[in-house]
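Remarks on the structure that follows.
Values in this text are rule-based calculations from the coordinates and carry no lab data. Just so it is clear, the model here is predicted, and its values are computed rather than measured. For neighbour counting, all protein chains shown are included, and Cβ atoms are generated from backbone atoms with ideal geometry for every residue, glycine included.
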Amino acid sequence: METTQKQAFQALNQAAEKAVLMGINANITILDTAGYLKSFLRMDNAFLGSIDIAIGKAKTAMLFRMNSEAVGEFLSPDAHTYGMVNTSGGLVGFKGGMPVKSAGEIVAYIGVSGGSPDQDFEIATAGSEI
């Protein structure tokens with residue numbers, strides 16, 4: 001499914017509004033369903049190192065069509081698939097990446113980085129339903 005500009009901006013804006021309310025300067029990435037960048041926001045004073053993390057979280061969610069922290073369960077040494085973290089150009093297996101849905105269908109993927117994993121999850125969740 002093609003991710004529209006309107007969908008990408010809606011998800012991005014909802015997440016950015018939540019980040020402002022929380023006082024978090026975040027990097028927010030929206031990828032289309034094929035994994036290509038559709039929209040990105042680096043909020044003022046957001047950590048530069050979080051840019052790649054936000055993109056990685058969205059990409060990880062896209063590759064497996066699930067939240068990035070759910071993929072993270074496969075990345076622990078106890079899961080016996082630990083080397084998987086190095087596949088697909090690197091995976092990010094902690095909170096902040098997830099599918100964006102509209103009418104129950106995945107239309108994009110969001111990745112957020114800039115706060116704690118729980119804060120990133122909360123911001124991403126705000127943009128995950130459009």
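Remarks
- Within region 9-130: Cβ-based charge dipole about Cα centre, in debye rounded to nearest 20 (Lys, Arg +1; Asp, Glu -1): 260 debye
- Against the chain, whose longest principal axis comes from its Cα atoms, helix 117-126 is set at around 50 degrees.
- Model label points for SER116 and GLU129, set 7 angstrom from Cα along the Cα-to-Cβ axis, are 2.4 nm apart.
- Since only PHE47, LEU91, SER102 are under comparison, the one whose Cα sits farthest along the positive direction of the charge dipole of region 5-126, derived from C-beta charges on Lys, Arg, Asp and Glu, is SER102.
- For region 30-130, trypsin sites (Lys or Arg not before Pro) are listed when DSSP marks them as loop and at most 15 other Cβ atoms sit within 10 Å of their Cβ; the list is ARG65.
- Reciprocal mean inverse distance between Cα atoms of the chain - Kirkwood radius, Å: 14.0 Å
- Gain on full stretching of the segment that runs from PHE47 to ARG65 - 0.36 nm per residue minus C-alpha separation: 3.8 nm
- Here LYS59 is the anchor, and the lysines within straight C-alpha reach of less than 17 Å, apart from those fewer than 8 places off in the same chain, are LYS38, LYS95, LYS101.
- Linear extension gain, ALA79 paired with SER102, 0.36 nm per residue minus alpha-carbon span: 5.0 nm
- The C-alpha atoms of the chain define a longest principal axis, and helix 5-22 lies at about 90 degrees to it.
- In sequence order, calculated HN-Hα J values of region 44-58 (Karplus, 6.51, -1.76, 1.60; Hz; x Gly/Pro): 3, 6, 5, 5, 4, x, 7, 4, 5, 5, 4, 5, x, 5, 5
- Proxy reagent accessibility, fewest Cβ within 10 Å first, across THR81, THR3: THR81, THR3
- Working ranking of peptides 45-51, 73-79, 12-18 by packing, defined as the average number of other Cβ atoms within 10 Å per residue, highest first, is 12-18, 45-51, 73-79.
- Only Cα pairs under 8 Å and 6+ residues apart enter the sum, and on that basis the relative contact order of the chain stands at 30 percent.
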